[in-house]
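Asker: Structure provided below as structure tokens; questions to follow.
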Amino acid sequence: QEQRVESGGDLVQPGGSPRLSCAASASMFSVIAMGWYRQAPGKQRELVAHITSGGIIEYGDSVKGRFTISRDNAKNTVYLQMSSLKPEDTAVYYCKVDRVTGGYWGQGTQVTVCS
């Protein structure tokens, strides 16, 4: 059974720099890509950052220059280093793992930015 374990969400002050991590379970099917998405109350889920197994990276426009995604292929773990956080970054952050069998979402971790 596919599992995604997310960690790192919390209450953060504006300008803070927390790091999120997501570990995918071991599987006979290789991970093609991993990414982070977020959903704020009343809004649609949006791309934060995405990285393929080959290292191709895509960022959402609202986080470019502030967030950095990285990946440890050996551990099937993806990280999201966040910086210069703003109140509008408040959302539930979801990890997504793409395999040939489909896309698998994590349970989400809440990041709340407030002073």
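Asker: Condition check: open to solvent by less than 30 Å² (accessible area, probe 1.4 Å), closer than 23 Å to Q107 by Cβ and among the hydroxyl-bearing types (S, T, Y). Does S25 satisfy that?
Answerer: On the way: open to solvent by less than 30 Å² (accessible area, probe 1.4 Å): yes; closer than 23 Å to Q107 by Cβ: yes; among the hydroxyl-bearing types (S, T, Y): yes.
So S25 fits the description; yes.
Asker: Given the criteria surrounded by fewer than 14 Cβ atoms within 10 Å (Cβ to Cβ), touching a residue at least 40 places away in the same chain (Cβ under 8 Å) and under 18 Å from S83 (Cβ atoms), does L20 qualify? Spell out how you get there, then give the answer.
Answerer: Details: surrounded by fewer than 14 Cβ atoms within 10 Å (Cβ to Cβ): no; touching a residue at least 40 places away in the same chain (Cβ under 8 Å): yes; under 18 Å from S83 (Cβ atoms): yes.
It is false that L20 is surrounded by fewer than 14 Cβ atoms within 10 Å (Cβ to Cβ), touching a residue at least 40 places away in the same chain (Cβ under 8 Å) and under 18 Å from S83 (Cβ atoms).
Quick grid of which residues meet (1) modelled with pLDDT under 95; (2) among the hydroxyl-bearing types (S, T, Y):
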| residue | (1), (2) |
| --- | --- |
| V48 | no, no |
| S53 | yes, yes |
| A74 | yes, no |
| D98 | yes, no |
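Asker: Which numbered condition trips up A33, out of (1) at pLDDT below 95; (2) in contact with a Lys or Arg (Cβ under 9 Å, 6 or more places away or on another chain); (3) within 13 Å of S21 (Cα to Cα); (4) buried (at least 18 other Cβ atoms within 10 Å of the Cβ)?
Answerer: (3)
Asker: How many of the residues in the range 78-115 are in a loop (DSSP other than H, G, I, E, B), under 24 Å from S25 (Cα atoms) and among the polar types (S, T, N, Q)?
Answerer: Summing the residues that are in a loop (DSSP other than H, G, I, E, B), under 24 Å from S25 (Cα atoms) and among the polar types (S, T, N, Q) in the range 78-115 gives 2.
Asker: For S115, state whether it is loosely packed, with under 14 Cβ neighbours inside 10 Å and closer than 20 Å to G15 by Cβ.
Answerer: yes
Asker: May I ask you to list pairs of residues, at least six apart or on different chains, whose Cβ atoms are under 7 Å apart, with the first in the range 58-84 being open to solvent by 60 Å² or more (accessible area, probe 1.4 Å) and the second being modelled with pLDDT of 95 or more and of a type in the set (F, W, Y)?
Answerer: Q81/F67
Asker: For residues that are within 14 Å of G108 (Cβ to Cβ) and modelled with pLDDT under 70, scanning just the range 1-17, find the one that is surrounded by the most Cβ atoms within 10 Å (Cβ to Cβ).
Answerer: Per the criteria, the residue is R4.
Asker: Please indicate, with yes or no, whether at least one residue in the range 88-105 is open to solvent by 50 Å² or more (accessible area, probe 1.4 Å) and charged (D, E, K, R).
Answerer: As a first pass, look at the range 88-105 and keep what is open to solvent by 50 Å² or more (accessible area, probe 1.4 Å): 88, 100-101, 104-105.
Still in the running and charged (D, E, K, R): 88.
For the range 88-105, residues open to solvent by 50 Å² or more (accessible area, probe 1.4 Å) and charged (D, E, K, R): present.
The values are calculated or read from the model by the stated rules, or taken from the named source; none is laboratory data. The structure presented is a predicted model; accordingly, all values stated were derived computationally and were not measured. Neighbour counts are summed over all protein chains in view; Cβ atoms, including those assigned to glycine, are modelled from backbone coordinates with ideal geometry. Only protein heavy atoms, including side chains, enter the accessible area calculation; ligands, DNA and RNA are left aside. Shrake-Rupley method; radii C 1.70, N 1.55, O 1.52, S 1.80 Å.
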